[in-house]
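Written out below as structure tokens is the structure these notes cover.
Bear in mind these aren't lab numbers, they're just calculated from the coordinates by the rules spelled out. Note that the structure is predicted; figures quoted are calculated from it, not measured. Please note: Cβ atoms are built from the backbone with ideal geometry, for glycine as well, and neighbour counts cover all protein chains shown.
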Amino acid sequence: MKILYIGVHSHIGWGAEFWLKKAFSDLGIKSELFDYRLERKNHTLSELNKKITLLSKECDLVFLQRGDNLSPNIFLECKTPIIFWSTEPIQLKTDVDQLLAHDIFSWIYIHSYSCLKRIKNEFSKIIDKVTVLHNAAPKEIIKFNNQKYIQAIFNRNLSIRRRYWLFPSKKLIYRVQGKYGQEYYSDLQNSNISINIHYSRKNIDDFESGIFEAMASGCAIISEKLNSHTLSDLGMDDGILQVSSPFELRDKIRLLKFDVDLLNFYQQKSQEAIILNTWHNRANQLKKKFEELLK
């Protein structure tokens, strides 16, 4: 099987596209890469249409990931099935609305169940071919380090909401921004606990890739409340210590600091959960859908 993989392929060593391409290759799926952000800087809409149409003729199907601000017109002449994965929460970002409004996709994956709710409310014509596809972590980065020297870490972008949540625990949490690749993973591998706080109140059911990456590094996860449906999908119902307020977050960090057995329990839960939630798991899920559509 050969796919035309349209996405952001400039993130070498990190990013979902980088790891998913490797997973596809391991499953026997060949990928023709097309970086739409790079290509649209140098080509007109008509030229993009011609390039994608030509490349699609040499592939079994088209797999579009993210797709921010792309016009549906560039896909109108594709005769192969097109699968779209909208990886950002569409209740926060509307930059793929024009793609969702056109009936050009054979199947659509979205980021979360709140995204699915918006699809039902605003794009009901496509609801029968939409499902949630969760994030994951690369199996290549799974590494459990027993010699950890950071008690708790928060290494995501800091929104105002996140600053508010983290403030009572500011002396207990090592806060990091702007690290990627091996430097980012090294910090996680050296941390006992990873903290997850939702970026926005409009996106409180988000399950970010950072949670998976922290699990792959053997961290116990303390998180603001997560969607129970998502936790069930991922087999993590009892694997994450959830909190309901900034002060409960502070108290749980202190609890795990002094209760080594409880810390070990949640670290073990992370190690068990991540084995079933790698990009190879997601690639296999996608492969089954590809095969189903090609029949």
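If you stretched the chain out fully between E58 and K129, how much longer would it get, using 0.36 nm times the residue separation minus the C-alpha to C-alpha distance?
Details: separation 71, 0.36 × 71 = 25.56 nm, distance 2.50 nm.
Length gained between E58 and K129: 23.1 nm.
Modelled label-to-label distance, E39 and I275, 7 Å Cα→beta-carbon offset: nm?
Label at E39, label at I275, 4.0 nm between them.
Computed FRET efficiency, Cβ-Cβ of K170 and S232, R0 35 Å: what is it to the nearest 0.05? Show your work: numbers first, answer last.
Details: r = 33 Å, r/R0 = 0.95.
It comes to 0.60.
If you average 1/r over every pair of different alpha-carbon atoms in the range 139-274 and take one over that average, what Kirkwood value in Å do you get?
Details: mean 1/r = 0.0680 Å⁻¹.
In the range 139-274 this quantity evaluates to 14.7 Å.
Can you figure out the FRET efficiency of K143 with K51, using R₀ = 25 Å and their beta-carbon distance, to the nearest 0.05? Kindly include the intermediate steps, with their values, before the conclusion.
On the way: r = 40 Å, r/R0 = 1.58.
It comes out at approximately 0.05.
Mind giving me the nanometre distance, one decimal, between the label points for R254 and N73, set 7 Å out from Cα along Cα→Cβ?
Placing both labels 7 Å beyond Cα along the Cβ direction yields 6.1 nm.
Taking only C-alpha pairs under 8 Å that are 6+ residues apart, what is the relative contact order of the chain in percent?
Working: 521 pairs, mean separation 47.7, N = 295.
Relative contact order here is 16 percent.
How high is the relative contact order of the range 139-274, in percent, with contacts defined as C-alpha pairs under 8 Å that are six or more residues apart?
Computed over the range 139-274, the figure is 28 percent.
Is the shape of the chain best called rounded, prolate or oblate, per the rule: a/c under 1.5 gives rounded, else a/b larger than b/c gives prolate, else oblate, with a ≥ b ≥ c the square roots of the Cα gyration tensor eigenvalues?
Working: a/c = 2.10, a/b = 1.83, b/c = 1.14.
Verdict is prolate for the chain.
Within 10 Å, count the other beta carbons around each residue, average over each peptide in 177-188, 145-156, and list them highest first.
145-156, 177-188
Given the Cα-Cα distance of D261 and H11 and 0.36 nm per residue of separation, how much length would full extension add, in nm? Write out the running numbers ahead of the final one.
On the way: separation 250, 0.36 × 250 = 90.00 nm, distance 3.85 nm.
Answer, rounded to one decimal: 86.1 nm.
May I ask which residue of I153, Q285, I119 lies farthest towards the positive end of the charge dipole of the chain, with charges of +1 (Lys, Arg) and -1 (Asp, Glu) on Cβ and the Cα centre as origin?
Farthest towards the positive end: I153.
Under 23 Å Cα to Cα from K148, which lysines show up? Leave out anything in the same chain fewer than 8 places away.
Straight-line reach from K148, under 23 Å: K139, K170, K171, K179, K252, K257, K269.
Quick check: the distance between the Cα centres of the range 43-117 and the range 176-239, to the nearest angstrom?
Centre-to-centre distance over Cα atoms comes out at 28 Å.
Could you sort 202-209, 40-47 so that the peptide with the highest average Cβ count within 10 Å comes first and the rest follow in order? Intermediate values should be presented prior to the final figure.
Values: 202-209: 18.9, 40-47: 11.4.
Highest to lowest by the protection proxy: 202-209, 40-47.
So if each residue of separation counts as 0.36 nm, and I subtract the Cα-Cα distance between Q98 and N157, what length gain in nm does that give? Don't skip to the answer; put the middle values down first.
Values: separation 59, 0.36 × 59 = 21.24 nm, distance 2.76 nm.
Separation in residues times 0.36 nm, less the Cα-Cα distance, equals 18.5 nm.
About its Cα centre, what dipole magnitude does the chain give when the only charges are +1 on Lys and Arg Cβ and -1 on Asp and Glu Cβ, stated in debye to the nearest 20? Before the final figure, lay out the partial values.
Details: 42 positive and 34 negative charges, 116 e Å.
Dipole about the Cα centre, nearest 20: 560 debye.
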